[in-house]
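Working notes for the structure below.
The values are calculated or read from the model by the stated rules, or taken from the named source; none is laboratory data. Worth saying up front: this structure is predicted, and the values here are computed from it rather than measured. In this analysis, Cβ positions are derived from the backbone assuming ideal geometry, glycine residues included, and neighbour counts consider all displayed protein chains. Accessible surface areas use protein heavy atoms only, side chains included; no ligands, DNA or RNA. Shrake-Rupley method; radii C 1.70, N 1.55, O 1.52, S 1.80 Å.
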Protein chains: 2
Amino acid sequence: MSEYVNDFRRAGHEVVDWIADFLENTRDYPVLPKIKPGELIDALPRSGPEKGESFEAILADFRKLIVPAATLWNHPRFMAYFPSTSSTPAILGEMLAAALNTNAIHWKTSPASTELEQVSLSWLRQWMNLPDEFFGVIFDTASVSSMHAIAAARELADPEARENGARRDLVVYAADQAHSSIAKDAMALGIGRRNVRLIPSDAEFRMRPDALAAAIEQDLVAGRKPICVVATVGTTSTTSIDPVEAIAEIAERHGMWLHVDAAYAGAACIVPELRPLFAGIERADSLVVNAHKWLFTTMDLSAFFTRRPEVLRRAFSLVPEYLRTAKDPRAVNLMDYGVPLGRRFRSLKLWFVLRYFGREGLIEMLRSHVRWAQEFAAMVDADPRFERIAPAPLSVVCFRLKGSDQENQALLDRVTATGKFFLSHTVLNGRFVIRLAIGNIATTREDVAYAWELIRSI
Amino acid sequence: MSEYVNDFRRAGHEVVDWIADFLENTRDYPVLPKIKPGELIDALPRSGPEKGESFEAILADFRKLIVPAATLWNHPRFMAYFPSTSSTPAILGEMLAAALNTNAIHWKTSPASTELEQVSLSWLRQWMNLPDEFFGVIFDTASVSSMHAIAAARELADPEARENGARRDLVVYAADQAHSSIAKDAMALGIGRRNVRLIPSDAEFRMRPDALAAAIEQDLVAGRKPICVVATVGTTSTTSIDPVEAIAEIAERHGMWLHVDAAYAGAACIVPELRPLFAGIERADSLVVNAHKWLFTTMDLSAFFTRRPEVLRRAFSLVPEYLRTAKDPRAVNLMDYGVPLGRRFRSLKLWFVLRYFGREGLIEMLRSHVRWAQEFAAMVDADPRFERIAPAPLSVVCFRLKGSDQENQALLDRVTATGKFFLSHTVLNGRFVIRLAIGNIATTREDVAYAWELIRSI
């Protein structure tokens, strides 16, 4: 045993130093790898080794083959999609979670992770200024969190679904700017993509409540059963914000479940002056915010909150004999709240992040990102060759060259080809649009200014 | 930036030493914590800190409050459920995955993790002696893997389901010993728990093919649509092995999807003399084996293999504009194969494990676990006060005191109350049965002998 552990001790120290050096010098690495599909596969042996290999050999290959093939999401100049950060407290939390390797199937199988999940999500909930009755549970991704929201909505509308299967007349509503995961969730749940109504949005890419109300009326007249509205706070294309208050009004009138997808923007909810953007979310039945997006937490940690945990529980509770334990009102069994039975110790890294930065530290970082995005937007506005395509309420700016889609695509390709920045695109009103998104912990004001410099010069 | 990184460097080295000490001395820690529900919640502040805290303070609380509240799944005397191991190469893999924090939504967002997922699963597939055409993809848990299997079965039987919703006449079959996740998956997918037929098993807890054939006939006569059979190789209660060949025969005859749940036992498939236990799995349409169970890989890593990736892809592919990329036949987009869109770099730890131990090293460890379980079974058989309740083909032994359920429950409670071992129970033929399961990397033959010593003396 001892040689096995000593081997780890040596390699572990080496890995910590490698990570520290990597974090210190990330800008020296290209954000996007220069690699063709299949190249890494071809560079690796077709079969695994018969005999064990040394950490030295494995780590050498990691540096030589894996890192150069990785798109570096933890890079300060990753400004595509929604940037994310694996911050240092989160990395330490992951290390210790890996060492303990607990599995919170039910309370007894891991009191520590079961209760820390409740504690850390309760801290986050308070900072987000959400009502006390919101119960938190962690899933891997927002897609899976939203799937559980829609499943709970189904349970509420049709309690027999869990036993008899889904009715084919159930309808889910989301804006045409909602994330594609809503449609995918409906496919998985047996509701069907055709039963997801994509409600038109207004000129600023926000769901139109009048169109929502009309769509619901139409379905009711046709004898269908509206069960769920998904409002997005911070859409994936433009970070537009659906009018949650007005949507909540409609959902309540029809007894429908209101799910708020704040996977990216939810982090900003803890910033006092941004909190008004989230007006109405306290009326949601459920809400998802990904700590692994803009809350400096290592992939994956999707925080799911619901005011109606008992409905989620009814949809998913199913306890076989070999997992039966004594009942205690304070012993929460997280397996009752969703599909996954095994559950790793994800809350540890979130708890480390919340403690290491504190509320003020997190607010300060988020505030900077939003400020820099506003500065970038102002620079775009000041340049007559460019135009902005959507409001930028948070840390994402959508803009384009005044020109053809081809010219914009070419501009984006040339920026990413430098290896210095990774930006992504979207399509709005049929036109190709470039997105610049800020959110990594190591990003500086200078990085953002440099991005604009590079874009202008190309 | 530099102070931020230096702070990590210092704390990181401290954490590596803590982990090494913990791994060296795990037996000094109780397997099960002495803690009451709510005790950790009460010991922690009700709100998070305003200002950031030092790693020193956070790590001190980790040691003082979190570790004593944790059920130690990484403990050599954890012999409950299915033991698991976070081995040292897996921990290093997790550390580096956390540092890179890649997110393999599609190929371009992380070529390294997309391709290493294919490579590491291909190595594992070869060692398991599965046909080349099995395509591998990683999910978090077996529950989620099996959900995707049943969703693929539905896609095959009813290609309109993804658009129009699930029909209510679809039927899934599994043995009465199958894992509860199959029923839960059917609930989630909108198939309904009532449409999962639990087929009776024989005296050795294996699905009865004649009963399966009869159930299918009955459903066909009633106008229902059988879509999927789940065969279990290594059931959760007894590790019994369903007759896969005979079940495959029936599934093929009816054009049904055959899913093999080998979440625990699949690891043993790489041991040549145990491979015959898996006869017929090459005829499966899909198969799940959890590397985080008996393959020494940190939670979570559920390896899902399917011979029909195109069906899975049809069930789940849905690509929004902001994720559209150029087409390349070698660029696999893993988001197309399931519900989760985000995808952390899980394959890195598996690749580290496969390389560090090599095929021979893994075989040797698995072989030892099976041998010690056989020795334990022989000791139980030799003691007239005890009886064994099921065959022990692998590393789990089911036994009981010849006496009442209460006496057996009391025995189990007293063993676990010592804090030295964690064993679990199940119910077979209406009787309370104790399970001893071997699978942690640090478990020794002496640990197993000591467990028997303790049980006998109590």
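In the set (1) hydrophobic (A, V, I, L, M, F, W, C); (2) modelled with pLDDT of 95 or more; (3) over 23 Å from A:ARG206 (Cα atoms), the condition left unmet by A:ALA417 is number (2).
Please go through segment B:64-84 and pick out each residue that is more than 7 Å from every other protein chain (Cβ to nearest Cβ), of a type outside the set (A, V, I, L, M, F, W, C) and over 15 Å from A:PRO111 (Cα atoms).
Here is the first cut: in segment B:64-84, the residues more than 7 Å from every other protein chain (Cβ to nearest Cβ) are B:64-65, B:67-68, B:75-83.
This time we only want the ones that are of a type outside the set (A, V, I, L, M, F, W, C), so: B:64, B:68, B:75-77, B:81, B:83.
Correct list: B:HIS75, B:PRO76, B:ARG77, B:TYR81, B:PRO83.
Working only within segment A:104-118, note down all residues that are modelled with pLDDT of 95 or more and either touching a Lys or Arg at 6+ places or on another chain (Cβ under 6 Å) or surrounded by fewer than 24 Cβ atoms within 10 Å (Cβ to Cβ) (or both). Selection gives A:GLN118 alone.
In segment B:64-108, which residues are in a loop (DSSP other than H, G, I, E, B), among the aliphatic types (A, V, I, L, M) and under 23 Å from the mean Cα position of the chain (by Cα)? I'd like the intermediate steps shown before the answer.
Within segment B:64-108, the first condition is being in a loop (DSSP other than H, G, I, E, B), and the residues that meet it are B:70-77, B:80-87, B:101-106.
Restricting the remaining residues to those that are among the aliphatic types (A, V, I, L, M) gives B:70, B:72, B:80, B:104-105.
Scanning segment B:64-108 gives B:ALA70, B:LEU72, B:ALA80, B:ALA104.
Tell me which residues, restricted to segment B:129-176, are more than 28 Å from A:VAL172 (Cβ to Cβ) and open to solvent by 30 Å² or more (accessible area, probe 1.4 Å). Hits for segment B:129-176 are B:ASN129, B:PRO131, B:ASP132, B:GLU133, B:PHE135, B:ASP176.
Please pick out the residue among B:ALA153, B:ALA157 that is in contact with an Asp or Glu (Cβ under 8 Å, 6 or more places away or on another chain) and of a type in the set (Gly, Ala, Ser).
Numbers: B:ALA157 fails: in contact with an Asp or Glu (Cβ under 8 Å, 6 or more places away or on another chain).
None of the other options fit; the residue is B:ALA153.
If you go through segment A:335-373 and keep only what is of a type in the set (Phe, Trp, Tyr), assigned to a helix (DSSP H, G or I) and facing chain B (nearest Cβ under 10 Å), you end up with A:TRP351, A:PHE352, A:TYR356, A:PHE357. Among the strands (runs of 3 or more DSSP E) confined to segment B:184-284, the ones with at least 1 residues that are open to solvent by less than 10 Å² (accessible area, probe 1.4 Å), closer than 20 Å to B:VAL144 by Cα and touching a residue at least 60 places away in the same chain (Cβ under 8 Å) are located at B:225-232, B:257-261.
Scanning segment A:43-67 for residues that are under 19 Å from B:PHE345 (Cα atoms) and open to solvent by 70 Å² or more (accessible area, probe 1.4 Å) turns up A:ARG63, A:LYS64. Checked against (1) farther than 25 Å from B:VAL5 by Cα; (2) at the interface with chain B (Cβ under 7 Å from one of its Cβ atoms); (3) in contact (Cβ under 8 Å) with a residue 12 or more places away in the chain; (4) not β-branched (Val, Ile, Thr), A:ALA104 meets all criteria but (2). When segment B:357-371 is filtered for residues that are in contact (Cβ under 8 Å) with a residue 24 or more places away in the chain and open to solvent by less than 30 Å² (accessible area, probe 1.4 Å), the ones remaining, listed by number, are B:PHE357, B:LEU362, B:ILE363, B:LEU366, B:SER368, B:HIS369, B:VAL370.
Out of B:ARG162, B:ARG167, B:ARG125, which single residue is outside any loop (DSSP other than H, G, I, E, B) and more than 7 Å from chain A (Cβ to nearest Cβ)?
Values: B:ARG162 fails: more than 7 Å from chain A (Cβ to nearest Cβ); B:ARG167 fails: outside any loop (DSSP other than H, G, I, E, B).
Sole residue among the options that is outside any loop (DSSP other than H, G, I, E, B) and more than 7 Å from chain A (Cβ to nearest Cβ): B:ARG125.
Residues in segment B:374-395 that are part of a helix (DSSP H, G or I), open to solvent by 50 Å² or more (accessible area, probe 1.4 Å) and in contact (Cβ under 8 Å) with a residue 24 or more places away in the chain: 2 in all.
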